[in-house]
Amino acid sequence: MEKKHKAMLGRVVSNKMDKTVVVAVETIRHHPLYKKAIKRKVMFKAHDESKGCGLGDTVRIVETRPLSREKRWRVAEIITKGEIVEAISDAGVAEAKPAAEVIEEQPKADN
């Protein structure tokens with residue numbers, strides 16, 4: 001009998017390690033008494049054998065045997081590729097940010 005592994009959808013927030021990505025999984029649940037929606041973000045380190053994940057990608061990760069001290073997940077598939085735009089900061093250094101964040105940060109011109 002094959003064991004069913006846990007699977008989660010998340011967004012890649014870091015890919016600076018070799019064959020490892022950090023995936024943020026957001027879950028929303030409602031408070032039992034007050035019914036307010038509560039967001040919970042958990043970071044998982046996942047194994048990326050092909051090194052194909054980039055910042056902002058939406059990926060599906062599945063549970064696996066322990067691969068290192070903190071890695072217990074692996075990237076099963078890349079659902080959508082994230083759009084990364086380099087934004088020039090005040091210090092003149094280019095920073096890689098998702099396109100949505102760059103659009104929100106642009107100052108609005110007064111007419």
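The values are calculated or read from the model by the stated rules, or taken from the named source; none is laboratory data. For clarity, every value in this text was computed on a predicted model and none was experimentally measured. So basically every Cβ, Gly included, is an ideal-geometry build from the backbone, and we count neighbours across all protein chains shown.
Only residues that are over 16 Å from V13 (Cβ atoms) and either in contact with a strand residue (DSSP E or B) (Cβ under 7 Å, 6 or more places away or on another chain) or surrounded by 15 or more Cβ atoms within 10 Å (Cβ to Cβ) (or both): list them for region 53-72, please. Passing the criteria: V62, E63, T64, L67, R72.
Residue-wise test of (1) without any contact (Cβ under 8 Å) to a residue 24 or more places away in the chain; (2) assigned to a loop (DSSP other than H, G, I, E, B).
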residue: E26; (1), (2): yes, no
residue: I38; (1), (2): yes, no
residue: K41; (1), (2): yes, no
residue: F44; (1), (2): no, no
residue: E49; (1), (2): no, yes
residue: R60; (1), (2): no, no
residue: R65; (1), (2): yes, yes
residue: R69; (1), (2): yes, yes
residue: E77; (1), (2): yes, no
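Going by the conditions given, is K51 among the charged types (D, E, K, R) and within 11 Å of V75 (Cβ to Cβ)? When the stated conditions are applied, K51 passes them.
Condition first: surrounded by fewer than 10 Cβ atoms within 10 Å (Cβ to Cβ), at pLDDT 95 or above and among the hydroxyl-bearing types (S, T, Y). Can you find one or more residues in region 44-51 that meet it? Talk me through it step by step, then tell me what you get.
First pass over region 44-51, keeping only residues surrounded by fewer than 10 Cβ atoms within 10 Å (Cβ to Cβ): 49-50.
Next, from what is left, pick out any that are at pLDDT 95 or above: none.
No, there is no match, as no residue in region 44-51 is surrounded by fewer than 10 Cβ atoms within 10 Å (Cβ to Cβ), at pLDDT 95 or above and among the hydroxyl-bearing types (S, T, Y).
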